[in-house]
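A.B. asks: Shown below is the structure under consideration.
Nothing in this text is a laboratory measurement; each read-out follows from the coordinates by a stated rule. These figures come from a predicted structure and were not determined experimentally. All Cβ positions, glycine included, derive from the backbone under ideal geometry; neighbour counts span all protein chains shown.
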Amino acid sequence: MTKPLSGKTIILGISGGIAAYKAATLCSRLAGLGASVRVIMTEGATKFITPLTLQTISRHPVATDVFDERDASIVQHIDWADAADLVVVAPATANILSKMANGLADDMLSTTLLAVTAPVLVAPAMNVHMWEHPAVIDNVNKLASRGVTFVEPGTGQLACGYVGKGRLAEPDEIAEAVAAMLAGPKPLAGRRVLITAGGTLERIDPVRYITNDSSGKMGFAFAEAARDWGADVTLVYGKTDGVPPEGIQAVRVESAEQMKDAVMSRAAEADIVIKSAAVADYRPLHQEEHKMKKKSDTLTLELVRNPDILQTIGEWREKQAGKRVPVVIGFAAETMELERNALDKLARKKCDYIVANNVTQAGAGFGTDTNIVSIYGTGGFAEHLPRMPKKAVAQRVLELAAAKIGTERA
Ligand code: PMT
């Protein structure tokens with residue numbers, strides 16, 4: 001089952017108050033909800049709870065010093081800030097609130113907070129008189145006016161002996177606030193999305209094969225985007241360099257024929273089928289049982305056509321008159337005449353949209369984190385997207401697919 005924070009990276013900033021010990025429970029809750037949690041502690045926080053505790057719970061190194069750059073290929077506070085889907089500061093002392101409000105950057109947490117563009121959630125904890133001090137009130141108001149969200153402190157017995165407002169909200173309440181902030185729209189809730197990714201691998205003998213350069217990144221981006229939008233995702237994937245996203249059903253295959261079986265046995269259940277895999281058009285006629293020996297100076301491999309999975313779905317769909325059928329999205333990997341070839345595939349393979357990429361373009365196609373695509377649809381639809389992260393490409397294509405379900409298949 002998909003966990004609510006699967007695929008999300010959360011920075012947990014801990015500042016130096018007695019409530020820092022509760023941050024361990026919060027870290028555990030966030031990780032339990034599926035988040036990848038990166039912890040940053042101020043020096044003060046380390047007086048109350050050890051980085052080792054948080055490292056053990058988060059399963060990631062804890063950052064405490066902005067100058068402790070262990071990986072020369074990155075600047076850690078920028079890298080973490082860029083990766084964050086959300087930052088939660090809990091507990092937030094009066095001191096870190098003041099730094100945030102005034103743009104100070106004198107340690108790892110305050111510096112990272114300045115570099116972050118993701119939403120920020122703050123759970124303050126301090127003595128009741130500090131919480132009511134005009135300076136703190138000004139800082140809170142200033143931060144709220146900039147879009148920072150607060151989980152207000154609770155009222156009760158405080159560690160300093162006072163009774164009043166200032167106690168850190170319970171970790172469960174903070175975790176719920178995090179989940180609510182990251183919930184986002186769910187345009188594919190209740191929908192089943194079937195995606196193919198990676199390259200197929202066609203064996204010649206037990207140690208040799210024919211394949212292609214697909215890394216699986218495009219298909220994985222679709223799987224993540226559809227999952228984030230609430231879909232029940234099945235990913236049929238071949239050879240890839242990566243690990244499929246969490247929170248989906250992943251089905252590993254090797255050859256085009258295996259991919260065809262895995263896809264066709266699930267197509268009728270799907271609302272959307274996305275064929276982003278790079279499928280080999282041919283496979284060796286014979287697969288040798290044992291490793292082939294060198295015999296002559298030249299070797300001719302006889303190949304036979306593989307089934308065209310996309311076309312098979314298109315033809316199957318045509319025969320389902322009156323029945324519920326999925327929206328079908330194909331891809332076209334081209335090196336020339338992008339539009340002509342894409343339109344030919346759109347018609348021949350009978351899909352609703354073809355996402356065409358010129359795989360010779362820098363920043364597009366195989367192995368990259370970005371893609372540059374033109375989307376062609378039935379009825380003359382054409383949209384040309386600039387270079388975008390593969391996930392953003394996937395979101396745009398899913399938007400079109402979701403709209404198609406809405407108008408034609410609801
Ligand atoms: O995985 P990445 O490294 O992120 O790279 C992404 C990508 C370049 C693989 C992706 O953007 C892409 O273009 N995927 C389609 C690759 C491909 O096989 O293109 P094609 O033009 O040869 O095939 C057209 C369509 O028919 C594709 O949807 C393909 O999945 C499908 N097909 C092709 C042959 C076949 N035997 N069966 C098929 O279903």
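A.B. asks: As a test of the formula, what do you get for the chain when each DSSP H run with n ≥ 4 contributes -39,500 (n - 2.57) and the sum is divided by the residue count, at 222 nm and rounded to the nearest 500 deg cm²/dmol?
C.D. replies: Value at 222 nm, helices only: -10000 deg cm²/dmol.
A.B. asks: Hey, with R₀ at 25 Å, roughly what FRET efficiency would residue 264 and residue 403 work out to, going by the Cβ-Cβ distance, to 0.05? Before the final figure, lay out each step's value.
C.D. replies: Details: r = 26 Å, r/R0 = 1.03.
Efficiency, rounded to the nearest 0.05: 0.45.
A.B. asks: Using mean Cβ contacts within 10 Å as the protection proxy, how do 253-261, 325-333 order, highest first? Mind dumping the intermediate values first?
C.D. replies: Values: 253-261: 19.3, 325-333: 24.3.
In decreasing order of mean packing, 253-261, 325-333 become 325-333, 253-261.
A.B. asks: Express in nm, to one decimal, how much length is gained between residue 300 and residue 98 on full extension, taking 0.36 nm for each residue of separation and deducting their alpha carbon distance.
C.D. replies: So the chain would gain 65.4 nm between residue 300 and residue 98.
A.B. asks: Taking a virtual spin label 7 Å from the Cα of residue 383 along the C-beta vector, which residues in the range 339-373 bring their backbone nitrogen under 13 Å of it?
C.D. replies: 353-356, 373
A.B. asks: For residue 282 and residue 170, what does the FRET efficiency come to when R0 = 60 Å and r is the distance between their Cβ atoms, rounded to the nearest 0.05? Present the calculation step by step, with values, prior to reporting the outcome.
C.D. replies: Working: r = 61 Å, r/R0 = 1.01.
According to the calculation, E is roughly 0.50.
A.B. asks: Related question: Taking 0.36 nm per residue of sequence separation and subtracting the Cα-Cα distance, how much length would be gained by fully extending the chain between residue 366 and residue 117, in nm to one decimal? Walk me through the numbers before you get to the answer.
C.D. replies: Numbers: separation 249, 0.36 × 249 = 89.64 nm, distance 2.89 nm.
Going from the current span to full extension adds 86.8 nm.
A.B. asks: Please identify the helices of the chain, taking whole runs of DSSP H, that span at least 20 Å along their own axis as judged from the Cα atoms and have a mean Kyte-Doolittle score of -0.5 or higher.
C.D. replies: Helices meeting the criterion: 390-404.
A.B. asks: Largest first and in whole Å, what are the equivalent-ellipsoid semi-axes of the range 192-408 based on the Cα gyration tensor, each being the root of 5 times an eigenvalue?
C.D. replies: 29, 19, 18
A.B. asks: Something else about it: Among the aspartates and glutamates, which have Cα under 13 Å from the Cα of residue 404 when same-chain residues fewer than 8 positions away are ignored?
C.D. replies: Cα-Cα hits under 13 Å: 271, 352.
A.B. asks: Could you line up 56, 117 from fewest to most neighbouring Cβ atoms inside 10 Å? Write out the running numbers ahead of the final one.
C.D. replies: Details: 56 12, 117 8.
Taking fewest neighbouring Cβ atoms as first place, the list is 117, 56.
A.B. asks: Follow-up question, since we're still on this one. Take each of the peptides 302-309, 338-345, average the number of other beta-carbon atoms within 10 Å over its residues, and list them starting from the highest. All intermediate terms of the calculation are to be shown ahead of the outcome.
C.D. replies: Details: 302-309: 15.2, 338-345: 17.5.
Going from most to least packed, we get 338-345, 302-309.
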